[in-house]
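Working notes, beginning with the structure itself.
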Amino acid sequence: MMADTNQLRMMIYASLLAALTAVGAYIAIPIGPVPIVLQNFFILLTGLLLGSRWGLAAVAVYLLAGACGLPVFAGGSGGIVRFAGPTGGYLLGYLPAVCVVGLIAEKGRNRMVFDIIAMICGSAIIYACGVPWLKMILSLSWGKAFVVGMVPFLIGDALKIAAAVPIAKVLRPIVKKI
Amino acid sequence: MAGLTAFNYLPGNTFLHVLDVRVKLAALVMLSLTCIRADLTESLMMTLCLLFLFRAIHLSFRSISRELRYFIVLLLIVFLARAFFTPGRPLIGIWSLTMTHQGVSDGILIAWRLFLIIMLSLLFVSSTRPSDIKVAVERLLAIFPFISRKKVAVKVAVMMSLILRFIPEIVNQAKETLDAQKARGIENRKNPVYRLIKFAVPLIRRTFENADRLALAMEARCYSENRTDPELVSTQKDLLVFAGVTCFCLIIIIA
């Protein structure tokens, strides 16, 4: 019975984080010249809070919901074509990224240094999948692809990682209290 | 649904509403894949069909265009990127950049295809009840041999409907949190990390509390994974539509 309760809870939490990721694609916090979109922030946070297994489930369901045409991706759109579009690589990159973040955070027993390393690896994986895809689809040169698809977001990413560490620290007890 | 009104179920009793959900979902996936390969005349054909269907389910063009305005900006960016970065015969030169003939025709085609797919998913979501989507996803996933219906498909379907339920709640909560912060003069704080933390912690903590309550409520109502789903019936008409869509996709892909 206890195991069942635990399962149900984790399932609901995973859906909640997937929904937060979906909303993160809509809400942007107006900070500085480039507003910060919270989508990949929530992806990283999913890995930290839920660990690799449930984190992977959350992201997989999120992507599947998008592929089925539910409006969960940026700009209020869904559809399987988003994977073929210019930003598809980033979306697919979320899967290995959340897995790695979860794994490193679990191995590090939630110590702060490991959290930071985990998120840096996660972001690197997202770009490693996203930038070559962007280059291929829009037929840009490598240099241009990096300038368009990575450089403008690096500062935002650093801010997100800096914010995610204390947030994960506050929220972990809520998730783990079972 | 705060701010996201276009992608909502629109109650009705039209041809699209009565169509079997499984057929609709399969058609959506097939047509989306086909769009990627469609050329100009085929895209035009599909656009006309879609316009007809939008009229049929009484979706007003004003609400669509209002909800999709951000998406149109995205399309414009895709078009411009194509138009300027494809080599070919020059058309217009702006500063050091040149628009090419090939780039413009390429850009129009790609932007058009993306637009078609958005319209397809809009049609699907506005003519299908969320609970029906859940059942259809469950059934279609169960087709694949490596996915067991009991274990995986049901969970995925439930999670998907939970996501749809959580989204409006989170949007409202986020709005409330942002307003509360404004009322307390958050604008005077310039540190973005501070602002992000002060925004995300209350938002996520509250949504987690709501989720806890939901878990309790589901347990109290004896939630289990083998519940009775609404019966899905497909008639001859559904089969006909399915066959028609399949033929259409095959013709475009082979041609």
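The values are calculated or read from the model by the stated rules, or taken from the named source; none is laboratory data. Quick caveat, the model's predicted, so the values are computed rather than measured. Please note: Cβ atoms are built from the backbone with ideal geometry, for glycine as well, and neighbour counts cover all protein chains shown.
Brief remarks follow.
- Filtering region B:211-225 to residues that are part of a helix (DSSP H, G or I) and either under 25 Å from residue A:156 (Cα atoms) or of a type outside the set (Lys, Arg) (or both) leaves B:211, B:212, B:214, B:215, B:216, B:217, B:218, B:219, B:220.
- Test: residue B:203 is in contact with a helix residue (DSSP H, G or I) (Cβ under 9 Å, 6 or more places away or on another chain), surrounded by fewer than 13 Cβ atoms within 10 Å (Cβ to Cβ) and among the aliphatic types (A, V, I, L, M): no
- The residue list B:31, B:40, B:53 contains one member that is surrounded by 18 or more Cβ atoms within 10 Å (Cβ to Cβ), modelled with pLDDT of 70 or more and more than 9 Å from chain A (Cβ to nearest Cβ), which is B:31.
- Meets criteria (within 12 Å of another protein chain (Cβ to nearest Cβ), surrounded by 21 or more Cβ atoms within 10 Å (Cβ to Cβ) and under 18 Å from residue B:201 (Cα atoms)) for residue A:167: yes
- Hey, residue B:7 buried (at least 16 other Cβ atoms within 10 Å of the Cβ), modelled with pLDDT under 80 and either within 14 Å of chain A (Cβ to nearest Cβ) or more than 19 Å from residue B:133 (Cβ to Cβ) (or both) or not: yes
Matching residues to (1) within 30 Å of residue B:21 (Cα to Cα); (2) of a type outside the set (D, E, K, R); (3) in a helix (DSSP H, G or I); (4) modelled with pLDDT under 75:
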{"residue": "B:163", "(1), (2), (3), (4)": "yes, yes, yes, no"}
{"residue": "B:171", "(1), (2), (3), (4)": "yes, yes, yes, no"}
{"residue": "B:177", "(1), (2), (3), (4)": "no, yes, yes, no"}
{"residue": "B:181", "(1), (2), (3), (4)": "no, yes, yes, no"}
{"residue": "B:198", "(1), (2), (3), (4)": "no, no, yes, no"}
{"residue": "B:206", "(1), (2), (3), (4)": "no, no, yes, no"}
{"residue": "B:209", "(1), (2), (3), (4)": "no, no, yes, no"}
{"residue": "B:231", "(1), (2), (3), (4)": "yes, no, no, yes"}
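- Of all residues in region A:136-163, those that are in a loop (DSSP other than H, G, I, E, B) have Cβ atoms under 6 Å from Cβ atoms of residues that are hydroxyl-bearing (Ser, Thr, Tyr) and at pLDDT 80 or above, 6 or more apart or on another chain, in A:150/A:127.
- Number of the exception - residue B:233 against (1) surrounded by fewer than 13 Cβ atoms within 10 Å (Cβ to Cβ); (2) within 13 Å of chain A (Cβ to nearest Cβ); (3) in contact (Cβ under 8 Å) with a residue 12 or more places away in the chain: (2)
- Residues being modelled with pLDDT under 75 and acidic (Asp, Glu) - total across region B:211-229: 2
- Subset of region A:150-178 (residues that are at pLDDT below 80 and under 27 Å from residue B:213 (Cβ atoms)): A:174, A:175, A:176, A:177, A:178
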